Amino acid sequence: MTLKDDLETARSTHDIRSVLGLSDNKRVIVCPLPGHTHVSNTPSFSIYWRKGLQWWKCHGSCQREGDVVDLVGYLRVPGYNPRDPDKVREALGLLDSRYEVKLVIPEKTIRLAGDEWMNFIPPSREVVEYAHTRGITDASIKKFRIGQKDSYMAIPAFQDGRLMGIKFRSFRDCTKARRFWSQAGSIKTLFNWDKIYLETGTVFVVKGEIPAMIIDQMGFNVCAPTGGEGSYLDSWRTALALANVVVIGDNDAPGRVLGDTRAKFFTAKLVFPPEEFQDIDKYILADPEAAAETLRKWSEE
């Protein structure tokens, strides 16, 4: 077998978690590489899947990345260089002789077709006009692939480039209809996941997709739970593990309670818009310059 064949076999049979002695499902840990300079114990080493294979990357001082062979190389082969065939073979030998646990590839649960969001575009003029009244620009309509189904705005959500769900929001009088509902097969995620995943700066967490879109177009990192304010997944904490998380709550009794719950879940700072505004959306619409300054202040505190 060639070195390329040996590498492909190692990647498909050995588990990065086993090499690191991990027994939980954390996707971000403190970097274990000996050449990493630790100013603090902030987790910066992420483990992820790409095209059916496991990979890792350090987002901290060492900035190294690779597969399971590279991990063993950096850990145990002096002077390891992933471009040196001899060093790679040495790492392969250590991997096969010292680490016996085989890789278990997680089953894929595909509930929506990846292009299902396209069934709802383009949105009608009525949806576009409604989006404008909420502060959403034409650029954001295109960026977030906003569509329409009957009297509902269609808002798709993606994670690692894969369609996770489609939420429908009524843009007309909803006294006789549901205000929100999701396409069958939708899975909870953080709206705008691919923008905020492992972000190291400030990330705002808001209650819904519409405030997330208008804050995003103002230049801030932001996300929102797609399952509503009362839904939480541990993977969301992983996604925001490196960020300065700031939760924005609403100025009503339910909004304050739910905001406090979100802040505790993310171990984050909780802030509210000025009391004369029920939520951050209305604050931005009423005074975008003041709202932008407030968001900057929150992101820097």
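The values are calculated or read from the model by the stated rules, or taken from the named source; none is laboratory data. Note that the coordinates shown come from a computational prediction; the quantities given were computed from them, not determined experimentally. All Cβ positions, even for glycine, are placed from backbone atoms using ideal geometry, and neighbour counts span all protein chains on display.
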Check your understanding: Among the residues of region 261-278, which ones are of a type in the set (A, V, I, L, M, F, W, C) and either more than 14 Å from Ala241 (Cα to Cα) or in contact (Cβ under 8 Å) with a residue 24 or more places away in the chain (or both)?
Key -> Phe265, Phe266, Ala268, Leu270, Val271, Phe272, Phe277
Exercise for review: Six or more apart or on different chains, Cβ under 8 Å: which pairs go from a residue in region 180-199 that's within 21 Å of Ile214 (Cα to Cα) to one that's acidic (Asp, Glu)? Could you list them?
Suggested key: Phe191/Glu209; Asn192/Asp216; Trp193/Asp160; Asp194/Asp160; Lys195/Asp216; Tyr197/Asp160
Review point. What number of residues within region 176-203 satisfy the criterion of being under 23 Å from Gly60 (Cβ atoms) and either of a type outside the set (Asp, Glu) or not assigned by TED's automatic domain parsing to the domain that holds Ala286 (or both)?
Key: 10
Exercise for review: Using the structure shown, decide if Asn119 is surrounded by fewer than 17 Cβ atoms within 10 Å (Cβ to Cβ) and touching a residue at least 12 places away in the same chain (Cβ under 8 Å).
Suggested key: yes
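Test Leu20 against the stated conditions and say whether it is among the aliphatic types (A, V, I, L, M), modelled with pLDDT of 90 or more and under 20 Å from Arg98 (Cβ atoms).
So Leu20 does not fit the description; no.
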Study note, to complete from the structure: Here the residues within region 1-17 that are modelled with pLDDT of 85 or more, surrounded by 14 or more Cβ atoms within 10 Å (Cβ to Cβ) and not in a strand (DSSP E or B) are Asp6, Leu7, Glu8, Ala10, Arg11, Asp15, Ile16, Arg17
Review point. Taking region 25-56, which residues are more than 16 Å from the chain's Cα centre (by Cα) and within 26 Å of Ser97 (Cβ to Cβ)?
Key: Ile29, Cys31, Pro32, Leu33, Pro34, Gly35, His36, Gly52, Leu53, Gln54, Trp55, Trp56
Review point. Quick check: anything in region 99-115 part of a loop (DSSP other than H, G, I, E, B), within 29 Å of the chain's Cα centre (by Cα), at pLDDT 90 or above and buried (at least 18 other Cβ atoms within 10 Å of the Cβ)?
Key: no
Review point. What residue, among those in region 38-79 that are more than 18 Å from Arg11 (Cα to Cα) and either assigned by TED's automatic domain parsing to the domain that holds Asn244 or of a type in the set (Ser, Thr, Tyr) (or both), is surrounded by the fewest Cβ atoms within 10 Å (Cβ to Cβ)?
Key: Ser40
Review point. Yes or no: Asp86 modelled with pLDDT of 90 or more, surrounded by fewer than 14 Cβ atoms within 10 Å (Cβ to Cβ) and not small (Gly, Ala, Ser)?
Key: yes
**Study point:** Which listed residue, of Lys195, Lys207, is touching a helix residue (DSSP H, G or I) at 6+ places or on another chain (Cβ under 8 Å) and in a loop (DSSP other than H, G, I, E, B)
**Key:** Lys207
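Of everything in region 23-34, what is farther than 15 Å from Asp67 by Cα and at pLDDT 80 or above? Give them in sequence order.
Answer for region 23-34, where residues must be farther than 15 Å from Asp67 by Cα and at pLDDT 80 or above: Val28, Ile29, Val30, Pro34.
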Review point. Do we have Phe220 as under 15 Å from the mean Cα position of the chain (by Cα) and either within 21 Å of Ala157 (Cβ to Cβ) or surrounded by fewer than 16 Cβ atoms within 10 Å (Cβ to Cβ) (or both) here?
Key: yes
